[in-house]
Amino acid sequence: MTQIDGLPPLRDVITRHGIAAKKSLGQNFLLDLNLTAKIARLAGDLTGADVLEIGPGPGGLTRGLLAEGARRVLAVEKDARCIAALEEIAAVYPGKLDIVNADALEIDVSARLTAPIKVAANLPYNVGTELLVRWLTPPAWPPFWDSLTLMFQREVAQRIVATPGSKAYGRLAILSQWRTDPAIVLDLPPEAFTPAPKVSSAVVHLRALPAPRFPADPAVLNKVVATAFNQRRKMLRSALKPLGPDAEDRLKMAAIVPTARAEEISLEGFCALARAYQAS
Ligand code: SAM
């Protein structure tokens, strides 16, 4: 499809710029511009917003974001082969697309954006999860962004929205649900991507809440939850031993039965536990 911006189809762009997909960079591209425009719409009204896009690749989602009226897109791409293709998009949207050739895990570009800021990305899942945890755990809240619209492997998306008692419930669910209201907004089969990955994907939308649901220090909560779920089948009084010898006392302070297991504890319970550890 060329009509959204007059630019050539993504297949041609990829061939002309020699962007053969690299497994090492997790490159599974979205080539259907109707689909990328749909994902851009899931990010909400972009007209008055700056968008931080991580991993634009040949620019399918970038074109969707710009076609949906983003005030400005700041695109951070690690693969230098994609930059010339992205510059062609920038030429069609003067002053609206800034391109940074860098590893998103190594640089912080938030200071280059003006509020309101939305984040959109289709990233390799390990980079996506690492960035998600960073975006969810800044020392102060609200964060620099209003919303995150992120593609994940479906199994990772399910971990983000999981509830207590389920197998998928763990650190990602707690950190996400503590400060945002995450929802799976689109499911995508492997064939939506080129090349097709082995598993299905899903887009998750996370809107930053004005304040966390329960008080807790983000670093302490992150550490307590990671430790609790590291040995998820153990009773918490044993699983929490790496944090110190007084796990039972801390659990009692948080009104949690010491023989309970991590997956039975609600978000509110984990926040109480983080406060109990912080008090020590
Ligand atoms: N957004 C494009 C799309 O939807 O077709 C590309 C998606 S592809 C799954 C992931 C993209 O992230 C690739 O272009 C890859 O080069 C880029 N990438 C991988 N690791 C990255 C990192 N650490 N920092 C920035 N970009 C990265």
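Being closer than 23 Å to residue 41 by Cα and in the same structural domain as residue 144 (by TED's automatic domain parsing) holds for only one residue in 105, 86, and it is 86. Of the residues making up the stretch 5-59, just one is near the ligand (Cβ under 10 Å from one of its atoms), touching a strand residue (DSSP E or B) at 6+ places or on another chain (Cβ under 9 Å), part of a helix (DSSP H, G or I) and not aliphatic (A, V, I, L, M), namely 36.
For the stretch 232-239, state whether one or more residues are modelled with pLDDT under 95 and in contact with a strand residue (DSSP E or B) (Cβ under 8 Å, 6 or more places away or on another chain). Yes; the residues of the stretch 232-239 include at least one that is modelled with pLDDT under 95 and in contact with a strand residue (DSSP E or B) (Cβ under 8 Å, 6 or more places away or on another chain). Residue pairs whose Cβ atoms lie under 6 Å apart, sitting 6 or more positions apart in sequence or on different chains, and linking a residue in the stretch 121-134 that is more than 6 Å from the ligand (Cβ to nearest atom) to a partner that is in a helix (DSSP H, G or I), are 125/156. When restricted to residues that are outside any helix (DSSP H, G or I) and either among the small types (Gly, Ala, Ser) or surrounded by 16 or more Cβ atoms within 10 Å (Cβ to Cβ) (or both), the stretch 218-245 contains 4. Considering only residues in the stretch 65-87 that are in contact (Cβ under 8 Å) with a residue 60 or more places away in the chain and buried (at least 16 other Cβ atoms within 10 Å of the Cβ), the one that is nearest to the ligand (Cβ to nearest atom) turns out to be 79.
Test residue 264 against the criterion of being of a type outside the set (Ser, Thr, Tyr), surrounded by fewer than 16 Cβ atoms within 10 Å (Cβ to Cβ) and more than 30 Å from residue 60 (Cβ to Cβ), and give yes or no. So residue 264 fits the description; yes.
The values are calculated or read from the model by the stated rules, or taken from the named source; none is laboratory data. Keep in mind that what you see is a predicted model, and the values were worked out from it rather than measured. No Cβ is skipped: glycine too gets one built from the backbone with ideal geometry, and neighbour counts run over all protein chains shown.
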